[in-house]
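Here's the structure, in structure tokens; my notes come after.
The values are calculated or read from the model by the stated rules, or taken from the named source; none is laboratory data. Keep in mind it's a predicted model, so treat the numbers as computed, not measured. Here the Cβ is made from the backbone with ideal geometry for all residues, glycine too, and neighbour counts use every protein chain on show. Surface areas here come from the heavy atoms of the whole protein model, side chains and all, with no ligands, DNA or RNA. Shrake-Rupley method; radii C 1.70, N 1.55, O 1.52, S 1.80 Å.
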Amino acid sequence: MFGLVSPHSETGMVLNSKEILRTTKISRRDGGIFLFFSYLCGGILNEMTMSTKIVCVALLVLTIGLTACGGKKKNEDIITQRVVEVQSNEPVRMQEYHDERDVNWIGKRYRVTVDRQPCDTLPMVKDERGQKYVDNVFQVTVSRADGSVFFNRKFVKSNFSQYVNDDYRQTGILEGIVFDKADGDWLVFGASVGHPQTDEYIPLVIRLSRMGVLEVRQDQEMDTTNPQQDQEEEI
């Protein structure tokens, strides 16, 4: 066994390495380091004064303690917070839309204009989460080359209620009306009533005759929902 101070020192005081290890309660590995340094430094310590020896022993014990603390396993667990989807309190509305184009029809030139405007005065619809959506109003205008108006009308979802089922009447909005083509005596438009922010909709065909008469029917070629009986009526 090695001692930090010779039993024949001037003070007659013995600092035994085993006693230090027992009282400080350090680990076996750190104790081995302690004993090794005790052996190397024993001769040097015998030449020191008692106060210097105490300081050296204290520094050695402190160094071993810091080494033991530094060897502790770090907690590498990553703590994340659950992302909670926040529902908007404001009603969702589509962007305004404007389309204007010149069309050759029945030997004359016409200008067809379609405007979409979200309308707060129309009844709003809700999805399964309770999110509200603003319905739209469309303005369709057909003007002659001299600027006079041949046709001008506003459209809302209720104009097409007989062509859609109860689900779309209650939870759908009028999403779109677009000009398609000139076909003989008719100007043809496409329209859709759909569930907001989904790919679910009922496509419709609107036809305007040269006499100003409108006809509406479901577009059976595009409809992927349960088709109703094909119907074509004036509105």
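Observations, loosely collected:
- Pick from the range 157-184, criterion β-branched (Val, Ile, Thr) and open to solvent by less than 30 Å² (accessible area, probe 1.4 Å), ranking: nearest to Thr121 (Cα to Cα): Ile173
- Residues in the range 145-179 that are part of a strand (DSSP E or B) and among the aliphatic types (A, V, I, L, M) were compared, and the one that is nearest to the chain's Cα centre (by Cα) is Ile173.
- Subset of the range 104-121 (residues that are assigned to a loop (DSSP other than H, G, I, E, B) and open to solvent by 40 Å² or more (accessible area, probe 1.4 Å)): Ile106, Gly107, Asp120, Thr121
- Number of the condition not met by Thr198 [criteria: (1) out of contact with any Asp or Glu (no Cβ under 9 Å at 6 or more places or on another chain); (2) open to solvent by 50 Å² or more (accessible area, probe 1.4 Å); (3) not aromatic (Phe, Trp, Tyr)]: (1)
- Evaluated against (1) open to solvent by 20 Å² or more (accessible area, probe 1.4 Å); (2) in contact with a strand residue (DSSP E or B) (Cβ under 7 Å, 6 or more places away or on another chain); (3) in contact (Cβ under 8 Å) with a residue 24 or more places away in the chain, Leu187 falls short on exactly one condition, (1).
- Hey, Glu128 farther than 21 Å from Pro203 by Cα and either β-branched (Val, Ile, Thr) or open to solvent by 70 Å² or more (accessible area, probe 1.4 Å) (or both) or not: yes
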